[in-house]
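Just below is one structure, and these are the notes that go with it.
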Amino acid sequence: NNFIPSSLQKFKTLIAAIIQNLERGKKLVWNIEQDQYTDNGVAPYYSSIGIHMRHVLDIFDCIIDGLPTKKIDLTQRKRNERIEQDRLSGLAYYDQIISKLKELDTEYLDLEFEVSDDLGRGMIKAKYTLAAVLIQAHSHAIHHFASIGYIIHQLGIALPDEDFGYNPTTPKTIRY
């Protein structure tokens, strides 16, 4: 029980968990209709599944874009409306992000990056390791998948699997 994983093992576990979760989102997009993907009629936020999916993937894209400079700006999301309005474009974006995550070099994992974001009171910059910002992006994705879970419930669509939108630490007895 005192086993401490190597950087390589930690990296593989982190990337595998992120990809597993992103594959859940991709599975949902694959199994719904175009009109369900773009339906923005569910109160109170009136956002579509496509908007949430694009947003989740944009965060990972910002991280990937920041690798060469070691500066990740989470306000520089591409916000490509085609991704949120066309489910096939959304699926292609999933493939693109997953492919780039698989290509990440383990040497980046513990490197320090400058991460910037606007939290509502102007830009804030902080130092993160790549592992830390990827963990944050993964949790952010789960949070948005929970919001999507509410939308798909209102639209009468089944969850793609029982873990969709749940943090892995949520006890299963509380979920149901």
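The values are calculated or read from the model by the stated rules, or taken from the named source; none is laboratory data. What you see is a predicted model; the values in this text were computed from it and never measured. Each accessible area value is taken on the protein alone, full model and side chains, heavy atoms only, with ligands, DNA and RNA left out. Shrake-Rupley method; radii C 1.70, N 1.55, O 1.52, S 1.80 Å.
Quick one: in the stretch 144-168, of everything that is closer than 12 Å to residue 25 by Cα and part of a loop (DSSP other than H, G, I, E, B), which residue is most open to solvent (accessible area, probe 1.4 Å)?
Only one residue fits best here, namely 159.
Applying the selection to the stretch 126-143, what residues are open to solvent by less than 60 Å² (accessible area, probe 1.4 Å) and within 16 Å of the chain's Cα centre (by Cα)?
Answer for the stretch 126-143, where residues must be open to solvent by less than 60 Å² (accessible area, probe 1.4 Å) and within 16 Å of the chain's Cα centre (by Cα): 130, 131, 132, 133, 134, 137, 138, 139, 140, 141, 142.
Let's see how each residue does on (1) open to solvent by 50 Å² or more (accessible area, probe 1.4 Å); (2) more than 23 Å from residue 47 (Cα to Cα); (3) among the hydrophobic types (A, V, I, L, M, F, W, C):
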position: 80; (1), (2), (3): yes, no, no
position: 94; (1), (2), (3): no, no, no
position: 97; (1), (2), (3): no, no, yes
position: 124; (1), (2), (3): yes, yes, yes
position: 170; (1), (2), (3): no, yes, no
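With the requirement that a residue be among the charged types (D, E, K, R) and either within 16 Å of residue 130 (Cα to Cα) or assigned to a helix (DSSP H, G or I) (or both), what does the stretch 6-53 give you?
Of the residues in the stretch 6-53, the ones among the charged types (D, E, K, R) are 10, 12, 23-24, 26-27, 33, 35, 39.
Within the stretch 6-53, 10, 12, 23, 24, 26, 27, 35 qualify.
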